[in-house]
1. Quick one, can you get me the convex hull of the C-alpha atoms of the range B:3-245 expressed as volume per residue in Å³?
2. Find the relative contact order for chain B and round it to a whole percent, using C-alpha pairs within less than 8 Å whose residues are 6+ positions apart.
3. Which residue, B:GLY127, B:GLY66, B:GLY157, tops the fluctuation ranking in a GNM of chain B built on C-alpha contacts under 10 Å?
4. Residue by residue through the range A:115-126, what is 3J(HN,Hα) from phi via Karplus (6.51 cos²θ - 1.76 cosθ + 1.60, θ = phi - 60°)? Round to whole Hz and write x for glycine and proline.
5. Just the accessible area per residue of the protein assembly as shown, please: how many Å² with a 1.4 Å probe?
6. List, in the order given, every pair from B:LYS11/B:LYS78; A:LYS40/A:LYS119; A:LYS40/A:LYS63 whose Cα-Cα distance in the structure shown is over 25 Å.
7. Distance from the Cα centre of the range B:136-188 to that of the range B:54-125, in angstrom?
8. Any idea which of A:THR115, A:GLY149, A:ILE216 is furthest toward the positive side of the dipole for the range A:115-223, if Lys and Arg beta-carbons carry +1 and Asp and Glu beta-carbons -1?
Amino acid sequence: MADIPILIKGSKNGLNIYIDSRADISAIRQAYDKKLQAAKPFFSGTKVNLSFIGKEYSEEEQKELISTSERYMTLGEVRFFAEAPVSRDASRSTEQDQETSHPYEYFEDIDEGMTKFVKGTVRNGQRIYYDGNIVVLGDINPGGELVAGGNIFILGTIRGMAHAGATGNAKAVVVAFCLLPSQLRIAGKIAMAPEGGMEKPQYPEIAYIRDNQLIIEPYLPRKG
Amino acid sequence: MGEVIVITSGKGGVGKTTTTANIGTALALEGKKVVLLDADIGLRNLDVVLGLENRIVYDMVDAIEGVCRLKQALIRDKRFEGLYLMPAAQTRDKNAVTPDQMQKLCEELKDQFDYVLIDCPAGIEQGFKNAIAGADRAVVVTVPEVSAVRDADRIIGLLSANDLHSPQLIINRLRADMVKRGDMMDINDTIDILGIDLLGVVPDDEKIIVSSNRGEPAVTESSSLAGKAYRNIAKRIMGEDVPLLSLNEENTLMDRLRRFFSGKSNSSSI
């Protein structure tokens, strides 16, 4: 953070711009300009909501940041949060508003979003946590744990534990070429492997919540 | 310049020490200069299995602390040309040495020997960290039991976190009859979970217990199937391509002919 006082992250409400509170405004503006410059094609054609997080700004400074942004994108809603996660702005708004506009809401992306790729096998005693989706190119062995805010995709066999939608997203899914977990969790639901073990499935499967129940079924209907 | 190989398992009692003693002896019989380093400080056993207990004067900790010269802590096995043991200290604990010191020791031994085999203690704490510190490659020993395979998996993860990638696997104490009945995990089940290369499979053999108690490694007995498996493993460590040996004891001529004519191999092999 010392060199680059700024960090831009996507969220479902738009872009969150995290700023090092120790950096001075000219350094911030410079770094911000540079970042936007690099990502210019990415912003074109859509309206972008911005949340600046991590520093308090004067009226003047806010205007400066907005005008910098405007050079690269069509602005939607712009908000400033002095500090996360409980910001003064958010606490001032109504309670209902707070529910929907909090910048640190749980990860709810289903069709897109931040993704972590894990190359190789997750072994006993290893735990991988990520706020977004997790894709594993390998197996999850017994005793290995995956915890994701979003979906979990395993290009291999899972014999360990997977928790999708760990921050509360009940729409999250767990998909594996060979789904044999010791335990499976989606949001607040927990499913355990049946006593005496499971038959090894011959086709890829998906786990999700339907009617408040955790369901596992083949995701290629013809192969079921 | 030799090679440092750590023999580890995570779980205790799967046969790390026996494996170290037998592979080491087999390598020495192949004409290599080998030192066996017992890293199990406080619970040393390798000296007993090799029958060298009475000859210990100085140990590894003495050598590291400079109480003696490196050479003084090495015990030469008179039965096998080129086989040496560096025993662990029995009156100290795992914290008596640091990974840095072990690394330095391994570097020094590597200059003088073709192979340095380290007998790793059970567990994943200080003793394990010391044992793997100076290793160039790792051999993971497991038995075909769920708990041992779990621990082996954990160990493989830890080895890889310490830059010992692609360790090799020895499946110890396999019982062909139990595998046949479906009462024991077979080789494929084990490899399927651990996903590493197989170095060898050692059948369960009563003779191993007898020879360990006597302090005579089983590889010297030509009649022992386990001894033969260890000899093959030693050859594979040296880079030779040795096929897995047949596991079925009732391997009669009729069986072989039947297999030959049916065109498929239905016997499990190790």
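The values are calculated or read from the model by the stated rules, or taken from the named source; none is laboratory data. It should be emphasised that the depicted structure is a prediction, and the values quoted were computed from it without experimental measurement. Virtual Cβ from ideal backbone geometry, glycine too; neighbours counted across all protein chains shown. Please note that ligands, DNA and RNA were not included when accessible areas were found on the heavy atoms of the full protein model with its side chains. Shrake-Rupley method; radii C 1.70, N 1.55, O 1.52, S 1.80 Å.
1. Working: hull volume 27.4 nm³, N = 243.
Roughly 113 Å³ of hull volume per residue.
2. 23
3. Of B:GLY127, B:GLY66, B:GLY157, the Gaussian network model singles out B:GLY66 as fluctuating most.
4. Whole-Hz 3J(HN,Hα) from phi for the range A:115-126: 9, 10, 9, 10, 9, x, 7, 8, 9, 3, x, 9.
5. Values: 25040 Å² over 494 residues.
With the other protein chains kept in place, the protein assembly as shown gives 51 Å² per residue.
6. B:LYS11/B:LYS78; A:LYS40/A:LYS119
7. 26
8. A:THR115
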